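Take a look at the structure below.
The values are calculated or read from the model by the stated rules, or taken from the named source; none is laboratory data. Owing to the predicted nature of the structure, the values given are computational and were not obtained by experimental measurement. Positions of Cβ are backbone-derived with ideal geometry, glycine not excepted, and every protein chain shown enters the neighbour counts. Side chains included, ligands, DNA and RNA excluded: accessible areas come from the protein's heavy atoms. Shrake-Rupley method; radii C 1.70, N 1.55, O 1.52, S 1.80 Å.
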Amino acid sequence: MKKYSVMKSMSMHPKKGKRTILEMTQILKRHGYCTLGEAFNRLDFSSAIQDIRRFNYVVKLLQLIAKSQLTSLSGVAQKNYFNILDKIVQKVLDDHHNPRLIKDLLQDLSSTLCILIRGVGKSVLVGNINIWICRLETILTWQQQLQDLQMTKQVNNGLTLSDLPLHMLNNILYRFSDGWDIITLGQVTPTLYMLSEDRQLWKKLCQYHFAEKQFCRHLILSEKGHIEWKLMYFALQKHYPAKEQYGDTLHFCRHCSILFWKDSGHPCTAADPDSCFTPVSPQHFIDLFKF
């Protein structure tokens with residue numbers, strides 16, 4: 001169902017001047033984007049992770065590759081993949097930015113590698129098996145380093161979260177689109193915990209990510225008959241993909257037939273460039289190289 005929805009969202013009627021995923025793939029191949037590895041090099045994902053707006057996008061892309069596309073990578077692409085991953089881990093260890101996201105990526109990657117290594121002979125792994133074992137050991141080391149990561153306490157005599165009025169704290173919580181971020185912030189102070197447990201907050205989060213018909217299939221009621229929106233959010237998350245948000249995403253220009261980061265833009269010669277741009281999510285990007 002998920003794959004169908006992805007393909008449907010990217011399928012575009014030719015009479016409207018738009019392109020299907022297959023057509024986009026053929027165009028990209030003519031411009032040198034033949035494999036995931038080549039796309040890595042051309043789009044410079046290694047530098048993209050230094051931009052906080054693109055960081056989550058690249059991490060999500062690497063996670064999708066870890067789950068299903070690892071064996072499709074060439075030897076050069078594998079090396080590039082793990083080089084980028086190494087930079088991501090070191091960045092998180094240095095600035096403590098979103099360690100949970102990287103932990104999830106490493107968990108998926110280690111699970112995939114364990115299955116592939118145990119099934120050598122049944123599956124295709126490019127390169128010497130000892131190289132993959134060393135990579136798995138490196139991943140386990142990274143996981144331990146992230147597990148041991150300690151947030152340094154900042155000494156600041158200025159304004160803190162505790163000094164903000166309740167309505168401002170509540171407004172901050174309503175800005176989050178990830179339930180785990182809300183829970184994490186709620187652990188900072190008793191006041192934030194109280195605000196993070198608000199039913200209306202979790203209701204809004206459910207309505208943002210999921211459709212009403214999905215609520216009906218996974219309805220969770222309290223003993224008093226009230227909807228348990230917080231429990232609903234995590235139950236729905238297990239069954240349906242949540243809406244993804246990124247500060248900056250890759251876009252495809254139908255007029256120039258190129259991929260580019262939206263915030264960087266590109267010198268498009270179309271009369272109305274914005275009408276030619278199609279956003280490319282991490283999953284869409286993976287699909288472009290499946291043909």
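Taken together, the residues in the range 46-81 that are among the charged types (D, E, K, R), touching a residue at least 24 places away in the same chain (Cβ under 8 Å) and over 19 Å from Gln107 (Cβ atoms) amount to 3.
The helices (runs of 4 or more DSSP H) found wholly in the range 160-255 and carrying at least 1 residues that are open to solvent by less than 60 Å² (accessible area, probe 1.4 Å), over 28 Å from Asp287 (Cα atoms) and without any contact (Cβ under 8 Å) to a residue 12 or more places away in the chain occupy 179-186. In the range 256-267, what count of residues is obtained for those that are part of a loop (DSSP other than H, G, I, E, B) and more than 30 Å from Trp180 (Cα to Cα)? The number of residues fulfilling the criteria is 6. Can you work out which of the residues in the range 20-67 that are β-branched (Val, Ile, Thr) and loosely packed, with under 15 Cβ neighbours inside 10 Å is modelled with the lowest pLDDT? By that ranking, first place goes to Thr20.
Assessment of the range 143-150 against the conditions (open to solvent by less than 60 Å² (accessible area, probe 1.4 Å), within 30 Å of Phe82 (Cα to Cα) and modelled with pLDDT of 90 or more) yields at least one matching residue. Any chance the range 271-289 includes a residue that's modelled with pLDDT under 85 and assigned to a loop (DSSP other than H, G, I, E, B)? Within the range 271-289, one or more residues are modelled with pLDDT under 85 and assigned to a loop (DSSP other than H, G, I, E, B). Within the range 126-142, the set of residues being under 19 Å from Ile84 (Cβ atoms), at pLDDT below 90 and among the aliphatic types (A, V, I, L, M) comprises Val126, Ile131.
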